[in-house]
Amino acid sequence: MNSYPKGMKSPSESVEVRSKHVMYADINGYGRLYGGRLMEWIDEVAGLAAVRHCRHMVTTAAVDNLQFKRPASLGEIVVMIAKVTYVGHTSVEVRVDTYVEDVESGIRRPINRAYLTEVCIDENGSPVPVEYGLVPETPGEEAEYEGAKKRIELRRKRRQEGF
């Protein structure tokens, strides 16, 4: 258990790492990983990180800043690392960094970054308060936390504008 005040967790307590081997069922006609398949994997790993933080069921409410930086191809290993970056009243933001790992060297090259908002829900699907706050441990985690506030405001503006 952590040494933080009751009801608080660090981002490291909810980290979820998932690896996938790109198989034939995952690729398009050009031998590249379907973007939608990667989005599915990202959604799953983000949900698991959120559940680890909340210790409750969650549902995805938003996906922000999904950037495809390079493709993944048949036979490559895709590694996704999810970490909670912000905690609101009923939701958490999760950052997912995705890499292709070279089988021989183990070197990872970034291929995607995404931010997802996961809402903590009860058995009826209604939002419930997140029980645990977030205590950033590093300057990078503090920057992510502050950046999340800006992303939240941008999402609010987009909703007001009908997006």
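Structure summary
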| item | result |
| --- | --- |
| Region 35-163, accessible area per residue, ligands and nucleic acids excluded (1.4 Å, Å²) | 53 Å² |
| Kirkwood-based shape ratio for the chain, expressed as Rg/Rh from alpha carbons | 1.00 |
| Difference of contour (0.36 nm per residue) and Cα-Cα distance, Arg159 to Asp64 | 32.9 nm |
| Amide hydrogen neighbours beyond the local backbone of Ser91, cut-off 5 Å, H modeled | Cys120, Val130 |
| Degrees between helix 35-54 axis and first principal axis of the chain (Cα, 0 to 90, nearest 10) | 30 degrees |
| DSSP-assigned coil residues among trypsin sites (Lys or Arg not before Pro) in region 1-53, each with at most 12 further Cβ atoms within 10 Å | Lys6 |
| Over 20 Å [Cα-Cα, region 1-91], rounded percent | 44 percent |
| Cut-off under 5 Å, modelled amide H: who pairs with Ala72 long-range | Leu33 |
| Amide H contacts of Ala61 (H built 1.01 Å from N, under 5 Å, at least 5 apart or other chain) | Thr117, Glu118, Val119 |
| Surface share of carbon and sulfur [accessible, 1.4 angstrom probe, percent] for the chain | 52 percent |
| Convex hull of Cα atoms in region 98-163, direction-averaged projection (nm²) | 7.8 nm² |
| Debye intensity ratio in log₁₀ form over the Cα atoms of region 36-76, taken at each q of 0.16, 0.23, 0.30, 0.35 Å⁻¹ | -0.52, -0.85, -1.12, -1.27 |
| Length added when fully stretched, Leu74-Tyr34, from 0.36 nm per residue minus Cα-Cα | 13.3 nm |
| Crossing angle, helix 139-160 versus the chain [Cα axis fit, 0-90 degrees, rounded to tens] | 90 degrees |
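The values are calculated or read from the model by the stated rules, or taken from the named source; none is laboratory data. Computed from a predicted structure; not experimentally measured. A quick note on method: Cβ atoms are made from the backbone with ideal geometry, for glycine too, and the neighbour counts reach across all protein chains shown. The area values use the complete protein model at the heavy-atom level, side chains included, leaving out ligands, DNA and RNA. Shrake-Rupley method; radii C 1.70, N 1.55, O 1.52, S 1.80 Å.
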